[in-house]
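What follows is a short report on a single structure.
The values are calculated or read from the model by the stated rules, or taken from the named source; none is laboratory data. Please read these numbers as outputs of a predicted model, since none were measured by experiment. Here the Cβ is made from the backbone with ideal geometry for all residues, glycine too, and neighbour counts use every protein chain on show. We work out accessible area using only protein heavy atoms, side chains counted, and drop any ligands, DNA or RNA first. Shrake-Rupley method; radii C 1.70, N 1.55, O 1.52, S 1.80 Å.
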Amino acid sequence: MRIDIISVLPTMMEGFFQESILARAQKKGLVDIQLHNLRDYSTDKWRRVDDYPYGGSAGMVMQCEPIDRCISALQAQRHYDEVIYMSPDGETFNQHIANELSLKGNLIMLCGHYKGIDQRIREHLITRELSIGDYVLTGGELAAAAITDAIVRLIPGSISDEQSALSDCFQDDLLAAPIYTRPADYKGWRVPEILLSGNEAKIRQWEFEQAMERTKRLRPDLLK
Ligand code: ADE
């Protein structure tokens, strides 16, 4: 799988992609993550990529030309399954979308900045718009990093124990059950007896009930 991320601040994401599971997945050749500086595609001598909006509203808008040149250059080299725009007014990203995107071959992610991008790019080049939540970040970089992380951990081989990604919370629309490790008694804070019982069936049932209770309380929307 290949993920190309277009941004005006690509260095912001570099460190993130060089750590942990993401670094390992790249070394193993499971994913190729390429960062592109949108300014490299500007024809302006100051490398500008934004301009004032028509109509006189406040803020700056990312222009069509640099984005079109960058996306076209990538698309001339290979086919992309999706061209995703990171935007607070996009579809809210979740585990289902992560699962779906982890099965794709090549993805482009475009990080917005300022007041957003020229609408014509959204109409003609973008195939999907994703938000990581109902709040506005300074740019789409953190969203692209978060979404890339959620996708890459699902690629078989990314995580040493493949099962652990499949048993992540949200995979079955449930929040996680509580989890404990040794010691069984820490300062009188005791691990629930059931987990020490050795009765696998009862333990799985207890975990399910705990996860269900927590989901009902905190995220009833997931159960609809
Ligand atoms: N860009 C700015 N805010 C964002 C958000 N919440 N999700 C995705 N991209 C964004």
I'd like to check something: does the range 142-154 contain any residue that is more than 16 Å from the ligand (Cβ to nearest atom) and either over 28 Å from residue 34 (Cα atoms) or surrounded by fewer than 17 Cβ atoms within 10 Å (Cβ to Cβ) (or both)? no
Only one residue in 97, 121 is assigned by the TED database to the domain that holds residue 14, within 16 Å of the ligand (Cβ to nearest atom), closer than 20 Å to residue 74 by Cβ and not charged (D, E, K, R). Which one? 121
On the given criteria, is residue 115 surrounded by fewer than 18 Cβ atoms within 10 Å (Cβ to Cβ) and more than 16 Å from the ligand (Cβ to nearest atom)? no
Out of 107, 74, sole residue that is open to solvent by less than 20 Å² (accessible area, probe 1.4 Å) and within 16 Å of the ligand (Cβ to nearest atom): 107
Assess whether residue 132 counts as being β-branched (Val, Ile, Thr), open to solvent by 30 Å² or more (accessible area, probe 1.4 Å) and either in contact with a Cys (Cβ under 6 Å, 6 or more places away or on another chain) or within 26 Å of residue 172 (Cα to Cα) (or both). yes
If a residue must be closer than 23 Å to residue 35 by Cα and part of a loop (DSSP other than H, G, I, E, B), how many such residues does the range 47-58 contain? 3
Please name all residue pairs, on different chains or six or more residues apart, with Cβ atoms under 9 Å, provided the first residue is in the range 83-103 and is more than 17 Å from residue 175 (Cβ to Cβ) and among the charged types (D, E, K, R) and the second residue is open to solvent by 40 Å² or more (accessible area, probe 1.4 Å) and near the ligand (Cβ under 10 Å from one of its atoms). 89/129; 91/129
List pairs: first residue in the range 106-128 and farther than 11 Å from residue 84 by Cβ, second residue within 11 Å of the ligand (Cβ to nearest atom) and open to solvent by 30 Å² or more (accessible area, probe 1.4 Å) anywhere in the structure, Cβ distance under 8 angstrom, at least six positions apart or on different chains. 113/138; 122/129
In the list 67, 71, 33, which residue meets the criterion of being over 30 Å from residue 168 (Cβ atoms), β-branched (Val, Ile, Thr) and in contact with a helix residue (DSSP H, G or I) (Cβ under 6 Å, 6 or more places away or on another chain)? 67
Regarding residue 79, is this residue surrounded by fewer than 16 Cβ atoms within 10 Å (Cβ to Cβ) and in contact with a strand residue (DSSP E or B) (Cβ under 7 Å, 6 or more places away or on another chain)? yes
Can you pull out the residues in the range 1-25 that are in a helix (DSSP H, G or I), open to solvent by 60 Å² or more (accessible area, probe 1.4 Å) and under 14 Å from residue 152 (Cα atoms)? 16, 20, 24
